[in-house]
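Written below as structure tokens is the structure these notes are about.
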Amino acid sequence: MKRTVLTFLSLHLLIVVCTDAQITVTSDDMPIAGRSYLSFNSKAITNYVLKRGASQTWDFSSLTGDDEKLESYYNPIQTSHGSSFPESNLALKDTTPDGFSYIRSSTSILEVLGVAQNGRVVRFDTPLNSLSLPITYGKPSQTNFKTVTSVENDDPGTKGYYDSIRTTITFYIVDTANAYGSIKTPNSTYEALQITRYGTFTSTTEVREKQSKLWMSIGSDTENTRKIDWFAKDIGVPVFSVNLTGHTGTTVEGVSWYGSTSNSPVLAINTANFNEHLVKIHPNPNNGNFSVQLPSTLSANSIRVSNVAGFEIEYHYDMFANTVSLSNALNGIYLLEVNTNQGIITKRILVNK
């Protein structure tokens, strides 16, 4: 489930400089405002065994992409909520009309300050440290991240005895540069540094009693993930990535690779101007399985589910039955975005298994 979180972190890592002895990640070519990166995804690989050491070789050149994704960076002052993050100097666009991740970059660190989505701003309690620089072969670095989001009154599950609900999200990430060498991707051949990212994700959901004002836990879950990224000179994002299940497993959830760099498209921010109550969620709260009911005047093109920190999670959508199954979702609050023929409608849902 948290592979998207690691993908999100990887997009903010910096490029690498090659030498005869080793490869070092530096701040010389970090992502800049006005630049977009096209990547391709595939599920053709089902098993991968990690390689470690110097002068390794990897060959993924035979893969073909199942779909593609464009990641675009902007100057925060151009965005709807840039004023809420005055210390940021980069804004990474997501798939929603006004959704951005706000980033502060320097020569020694790259960190995410928070996210904005559908008119809602979430500042992280502590910035998410994407990478401490420099990082070289054999040198580990680690980051801790925690954020608490409280939503008052209008959320599912807060009626009756409760007046509030909140989800605490904690990440623990360890990056290790444990190999370098030559990698062949469907796009090109690169001299690259391999960085293995081990992640632990913990989500705790609580409700507050109206009378006592005491918070009570209704569920807590922890999940381990692993992602392997390869970085090459003058790119700015991973040239190849493998998402694995768990800390030690070899089962591959998916792979992606860099395709090209271009100027970011002209920024146009539009918000759907109709009532979110047109969309009905049943049941809500739920155990991760629910239906999405639309009036006859609306049709759904797609559905996206993200957690309260703005990160997209795994989901399954049956267009004909209008059902969603979040089989890997932890207990907590999620944002459901329904992309309709008239615009995007956002609803909050509570998963409580």
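Where a number appears in this text, it was derived from the coordinates with a stated rule and is not lab data. Treat the numbers as computed from the prediction; the structure is a model and nothing was measured. Here the Cβ positions follow ideal geometry from the backbone for every residue, glycine too, while neighbour counts run over all protein chains shown.
Would you mind computing, in nm to one decimal, how far apart the modelled labels at Thr248 and Thr64 are, each placed 7 Å from Cα along Cα→Cβ?
3.8
Show me the ranking of peptides 324-337, 82-95 by mean Cβ neighbours inside 10 Å, starting with the highest.
324-337, 82-95
Which distance in nm do the two modelled labels at Ile32 and Lys210 give, with both placed 7 Å along the Cα-to-Cβ direction?
The two pseudo-label positions are separated by 5.7 nm.
Please sort 169-178, 222-231, 67-76 by packing, taking for each peptide the average over its residues of neighbouring beta carbons within 10 angstrom, highest first.
222-231, 169-178, 67-76
Of the listed peptides 295-304, 112-121, what is their order by residue-averaged count of other C-beta atoms within 10 Å, with the highest listed first?
Final packing ranking: 112-121, 295-304.
Could you work out how far apart the two model spin labels at Asp234 and Ser188 are, taking each label as a point 7 Å from the Cα in the direction of the beta carbon, and quote it in nm?
0.7
Mind checking the full-extension length gain between Ser325 and Gln56? Use 0.36 nm per residue of separation minus the Cα-Cα distance, one decimal, nm.
In short, 92.8 nm is gained.
What is the calculated FRET efficiency for Thr222 to Asp125, with r their C-beta to C-beta distance and R₀ = 25 Å, to the nearest 0.05?
0.85
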